[in-house]
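Just below is one structure, and these are the notes that go with it.
The values are calculated or read from the model by the stated rules, or taken from the named source; none is laboratory data. Fair warning: this is a prediction, and the values are worked out from it, not measured in the lab. As a convention, Cβ positions derive from the backbone with ideal geometry for all residues, glycine included, and neighbour counts pool all protein chains shown. We work out accessible area using only protein heavy atoms, side chains counted, and drop any ligands, DNA or RNA first. Shrake-Rupley method; radii C 1.70, N 1.55, O 1.52, S 1.80 Å.
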Amino acid sequence: MFGTVGNECKRTKIYLLDGGMGTTLESIFHKDVSSPLWSAKPVDEEPEVIIDAHLAFLHAGADVILTSTYQCAYSTFASAGYSHADAVRIMRKAVHLAHEARTRYCQHPSNPRTREIKIVLALGPFGATLSPTQEFDGFYPPPYGPPSNEAEFQDHNGRPNSFTDAADELRAMEALAEFHAERLHIFASDRETWDLIDGIAFETIPLTREIRAVRKAIEIVRKEGLLVDKPWWISTLYPDGKFPERKLTGEHVSVGEVVDAMLAGDEPNPHSIGVNCTGMIHLDSLLDEMARQVKSREVDLPRKPSLVVYPNGGDVWNPESKRWQEVVADGGEKARTWAREIEEKVRLAESHDLWPEILAGGCCRTGPAEISALSRRLRG
């Protein structure tokens, strides 16, 4: 995705991502991020905390840090009481804070000069801007999803979240494309901010129509003449090992259909595809099937995609208490176990002899300790 960058993982073309910013701000820095802005809340109020969190991941060994912008959109800022202009200012500021962290890290004399740190713009799905959030279920209100009453929206009970009418689905895809293009425009229209960004992450996407919408959004902004060709990825999630989208028959959309949404058709193809915000236990089968599906389409692709994989840390979210339940009480043992397991997934992915590069790190409840443990395993 980034080409041959001079870092310590150059030989195997493995790049180490950071961990979950929002949960790190909660658990390590003891910040309340329960607002609609989530990890972007401290960007305006406590910018040094954001810089410190980025620095913690850089000192842990991360090659790539993601901006604190996952839930950023005009609607989430409005819900938090911010104006339109404030939303633009704070979203761009998040990029500059990541750059400040990179600058401080690279200028410190004790840090290795051979590592080239990358900043990736983090953009979550439309569902992350809703209340309650809908990354794990993919039930979007019209025009982004099929009509449903309030009771159905709160209690899905295995219902499909697909359209019965193809024209309605196309309109939903176009609405989602405009949503994602609008956010891209905020960053791409400001050259000073845009030049600091090395890549874009569209994360935790729960629907195939939104995957296609992301690709369409890239095309829209390119046609406006604003978007230079930065590398970008699409990562999806698989709660309980299943993609959130259900067909009208009740079946979950398959990995093959997800890969089709990512790579088939005339829209721009992502430089990397993969999985995030998913339990470690599901990764072996998911990565095997994803590799098989990409190999079956390889001859038709303009370029091979790289792989991005950043699972959760293993703790379980309790929606009733609204707290994380730790599966392993010993933090050091938890970090070592998580790192050993994700390294196994990376080596499995390498064995497919398919992916030009592998970007590996953590999502929710993975902090600097997990990334440090993974860095030691991958780099020796």
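What the table below lists for this structure:
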item: Net dipole in debye of the chain [+1 Lys, Arg Cβ; -1 Asp, Glu Cβ; about Cα centre; nearest 20]; result: 1120
item: Euclidean distance between Cα centres, segment 106-149 to segment 21-47, Å; result: 14
item: Dipole-positive endmost among 243, 69, 17 within the chain (Cβ charges, Cα centre); result: 17
item: Stretch gain in nm, segment residue 242-residue 340, where the contour uses 0.36 nm per residue and the Cα spacing is subtracted; result: 32.9 nm
item: Label corresponding to Rg/Rh (Cα atoms, Kirkwood Rh) when calculated from the structure given, among (1) 0.93; (2) 1.13; (3) 1.02; result: (1)
item: Separation of the residue 32 and residue 189 label points, Cα + 7 Å toward Cβ, nm; result: 3.4
item: FRET efficiency, residue 348 to residue 296 (Cβ-Cβ, R0 30 Å, nearest 0.05); result: 0.95
item: Global form of segment 1-149, assessed from the alpha-carbon gyration tensor, a/c cut-off 1.5; result: prolate
item: R0 of 51 Å, Cβ-Cβ distance residue 178-residue 333: FRET efficiency to nearest 0.05; result: 0.65
item: For the chain, calculated [θ]222 nm from helices alone, where every DSSP H run of n ≥ 4 adds -39500 (n - 2.57); result: -13500 deg cm²/dmol
item: Computed accessible area, residue 106, all protein chains, 1.4 angstrom probe, square angstrom; result: 50
item: Accessible area per residue, Å², the chain with all protein chains present, probe 1.4 Å; result: 41
item: Spin-label model distance (nm) - residue 46 vs residue 107, 7 Å beyond Cα toward Cβ; result: 2.4
item: Surface share of carbon and sulfur [accessible, 1.4 angstrom probe, percent] for the chain; result: 49
item: Residue 222-residue 326 FRET efficiency (beta carbon distance; Förster radius 45 Å; 0.05 resolution); result: 0.50
